[in-house]
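S.K.: The structure is given below, and queries will be raised subsequently.
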Amino acid sequence: MNGWSELDEFLRTDPRDVGCAQAMKMMHIYADLVAAGASVQERYPGFAAHLRSCGPCAEDFDGLLAALRDEAN
Amino acid sequence: MVPGGSRAEEPTAAAAGLDAESAEWLRLLADTGPGRDSALERLHAMLVRIARREVARRGPRLRVTGPELEDLAYQAAADALIAITGKLGQFRGESRFTTWAYKFVIFEVSAKIGRHFWRHPAVPFDAEDWDRLPDRFGFDPAREAEWRDLLGALHRAVDDKLTARQRAVFIAIVLNGVPLDTLVIEMASNRNAIYKTLFDARRKLRAALAANGYLPGDSLRSS
């Protein structure tokens, strides 16, 4: 990816984006679903759109999933 | 569009009831006496384990190491335990209890890392060095002739199209690389409000660049 496409990607907004408040409120539910094998992209595109654009929420979701996977092992 | 404006895709509550393990956690934590004390001790130990694992996962990307990172994990676990016990009545059984509880400690780790960078900023919050922008987006210095006009147009759009708050958030996060959770503390705000401010700024800037032919006109991702 060159700078041009990276800038374009950063500036693009998705109207389905649910925002941080909704994402944080429901994150534990999505995490259980994903840990059980569900696809967030297919079932919850607004949450998936948010994670693509929000570094902090994506980091938290990754951390929560990592915790669940470690617990399962 | 306002991020967070739709609740259409909220997963529905688990009306069938709690799984046995979650129900047991709730029973013990709602109890009084030694059963509750023992459950709190066990929950705290689990939160410490999750917090330590999480700071270790994030550690390589942070300028925080050793005892400071360990201290951060213990503080996050302690504050998460307070949040969990205070919000126990809000747990509706839509996930396993432990997943709900772990969410709080993950959020506390994020908040504590944000506060750490607020106390030790790498760049002053009000700095404004536009020379960082090419590197921020990976523009090749050898091809400056190709992107100089684009970044000039972006700079003008930031100055002309954004509100003062949108501009401040864009400069802090994009130019200065201030973590969003750190900016939350600096601006006495919350993650959702800062994200929405940046979301609106991104939408305006892209529209301005598209109107002037620097970027294609569509605004919805294809992925």
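S.K.: Counting helices only, and only those DSSP H runs with n ≥ 4, report the 222 nm mean residue ellipticity of the protein assembly as shown as the sum of -39,500 (n - 2.57) divided by its residues, in deg cm²/dmol to the nearest 500.
M.R.: -21000 deg cm²/dmol
S.K.: Taking only Cα atoms, what is the 0 to 90° angle, nearest 10, from helix B:191-211's long axis to the longest principal axis of chain B?
M.R.: 30
S.K.: Assuming R0 = 35 Å, can you tell me the calculated FRET efficiency for the pair B:A164 and B:L40, based on Cβ-Cβ distance, to the nearest 0.05?
M.R.: So the FRET efficiency works out to roughly 0.15.
S.K.: Only counting other Cβ atoms within 10 Å, I'd like B:E108, A:E6, A:E42 sorted with the fewest neighbours first.
M.R.: Placing the least packed residue first, the sequence is A:E42, A:E6, B:E108.
S.K.: Want the number for B:N212 to B:D31: 0.36 nm per residue separation, take away the alpha-carbon distance, what's left?
M.R.: Taking 0.36 nm per residue and subtracting the Cα distance, the gain is 58.7 nm.
S.K.: So, how do all the Cα-to-Cα distances of chain B break down into 5 Å bins, in percent, from 0 on up?
M.R.: In whole percents, the pair-distance histogram is 1, 6, 11, 12, 13, 13, 12, 11, 8, 6, 4, 2, 1, 0, 0.
S.K.: Follow-up. Going by a ≥ b ≥ c, the root eigenvalues of the Cα gyration tensor, does the stretch B:93-139 fall in the rounded group (a/c under 1.5), the prolate group (a/b larger than b/c) or the oblate group?
M.R.: Numbers: a/c = 5.45, a/b = 2.27, b/c = 2.41.
Oblate shape, in that a/c is at least 1.5 and b/c is the bigger or equal ratio.
S.K.: Between A:S39 and A:E71, what is the spin-label point distance in nm, taking each point 7 Å from the Cα along the Cα→C-beta axis?
M.R.: Placing both labels 7 Å beyond Cα along the Cβ direction yields 2.6 nm.
S.K.: Calculate one ³J(HN,Hα) per residue across the stretch B:84-94 by plugging θ = phi - 60° into the Karplus curve 6.51 cos²θ - 1.76 cosθ + 1.60, and present them in order as whole Hz with x for glycine and proline.
M.R.: In residue order, the calculated couplings are 5, 5, x, 10, 3, x, 8, 6, 10, x, 7 Hz.
S.K.: Measuring from the lowest to the highest alpha carbon on each principal axis, how far does chain A reach, largest first, in angstroms?
M.R.: Extents along the principal axes, in whole Å: 42, 23, 20.
S.K.: So, how do all the Cα-to-Cα distances of the stretch B:110-223 break down into 10 Å bins, in percent, from 0 on up?
M.R.: So the P(r) values, bin by bin, are 13, 40, 34, 13, 0.
S.K.: Over 5 Å intervals from 0, what percent of Cα-Cα pairs in the protein assembly as shown sits in each interval?
M.R.: Distribution as computed: 1, 5, 11, 14, 16, 15, 13, 10, 7, 4, 2, 1, 1, 0, 0 percent.
S.K.: Which value, in Å to one decimal place, does the Kirkwood hydrodynamic radius take for the stretch B:161-205 when every pair of different Cα atoms is included? Please report the intermediate quantities before stating the final value.
M.R.: Details: mean 1/r = 0.0983 Å⁻¹.
Evaluated over the stretch B:161-205, this radius sits at 10.2 Å.
S.K.: Can you return the lysines within cross-link range of B:K196? Criterion is Cα-Cα under 25 Å, with same-chain partners fewer than 8 residues away left out.
M.R.: A:K25, B:K103, B:K112, B:K161, B:K204
S.K.: I need the per residue convex hull volume for the stretch B:58-151, using only the alpha carbons, in cubic angstrom as a whole number.
M.R.: 183
S.K.: Oh, and also: If packing is taken as the average number of other Cβ atoms within 10 Å across a peptide's residues, how do B:82-92, B:97-107 rank, most packed first?
M.R.: Result, highest mean first: B:97-107, B:82-92.
Bear in mind these aren't lab numbers, they're just calculated from the coordinates by the rules spelled out. The shown structure was predicted, so the numbers you read here are calculated from the model rather than taken from an experiment. Note: ideal-geometry Cβ built from the backbone for every residue, glycine included; neighbour counts use all protein chains shown.
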